[in-house]
Amino acid sequence: MLKISSQAHLAKVVSDHPGVIVDFWASYCRPCMDFKPTFEGLAHANKNPKMVFCAVETDKVRDCAQANQISSIPTFHFYLNGK
């Protein structure tokens, strides 16, 4: 699973991979923390090299959260061929 460090990093990942799943989360968010092991398990079990799982810690990567208009967490974005 990739830890996204900026909006530019996320944009590069989305442009470089046909399938991208992004988890926007924060450490203080109980539902985020409850779902985190499931998301990490899915990422670890993924055998498709065209699919990548990413995580954006919204408190630390604020530019990415703002650019993607994240207003509540957890939020998941799914990209297929850049869209």
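Determine, yes or no, whether CYS64 is closer than 16 Å to ASP16 by Cα, surrounded by 16 or more Cβ atoms within 10 Å (Cβ to Cβ) and among the hydrophobic types (A, V, I, L, M, F, W, C). Here the answer is no, as CYS64 does not meet what is asked. In the stretch 6-29, the residue that is nearest to THR75 (Cα to Cα) out of those that are small (Gly, Ala, Ser) and surrounded by 14 or more Cβ atoms within 10 Å (Cβ to Cβ) is ALA26. Just so you know, in the stretch 45-61 the residues that are hydrophobic (A, V, I, L, M, F, W, C) and closer than 14 Å to VAL13 by Cβ include one that is surrounded by the most Cβ atoms within 10 Å (Cβ to Cβ), and it is VAL56. When the residues of the stretch 1-35 are filtered to those that are of a type in the set (Lys, Arg) and without any contact (Cβ under 8 Å) to a residue 12 or more places away in the chain, which remaining residue is nearest to ARG62 (Cα to Cα)? Ranking the candidates gives LYS12 first.
Flag: PHE35 matches the condition of being in contact with an Asp or Glu (Cβ under 9 Å, 6 or more places away or on another chain) and either under 17 Å from ILE4 (Cβ atoms) or not in a loop (DSSP other than H, G, I, E, B) (or both). Counting the residues of the stretch 67-80 that are exposed (fewer than 11 other Cβ atoms within 10 Å of the Cβ) and in a loop (DSSP other than H, G, I, E, B) gives 3.
Do any residues in the stretch 51-69 that are free of Cβ contacts under 8 Å to residues at least 60 places away in the same chain have Cβ atoms under 9 Å from those of residues that are loosely packed, with under 15 Cβ neighbours inside 10 Å and part of a strand (DSSP E or B), where the two are at least six apart or on different chains, and which pairs are they? Close Cβ pairs (under 9 Å, with a partner that is loosely packed, with under 15 Cβ neighbours inside 10 Å and part of a strand (DSSP E or B)) amount to CYS54/LYS3; ALA55/LYS3; VAL56/LYS3; GLU57/LYS3; VAL61/LYS3.
The numbers here are math on the coordinates, done by the rules we state, and not lab data. Predicted model, so just to flag it, every value in this text is computed and none were measured. Cβ coordinates were reconstructed from backbone atoms using ideal geometry, including for glycine residues, and neighbour counts include every protein chain displayed.
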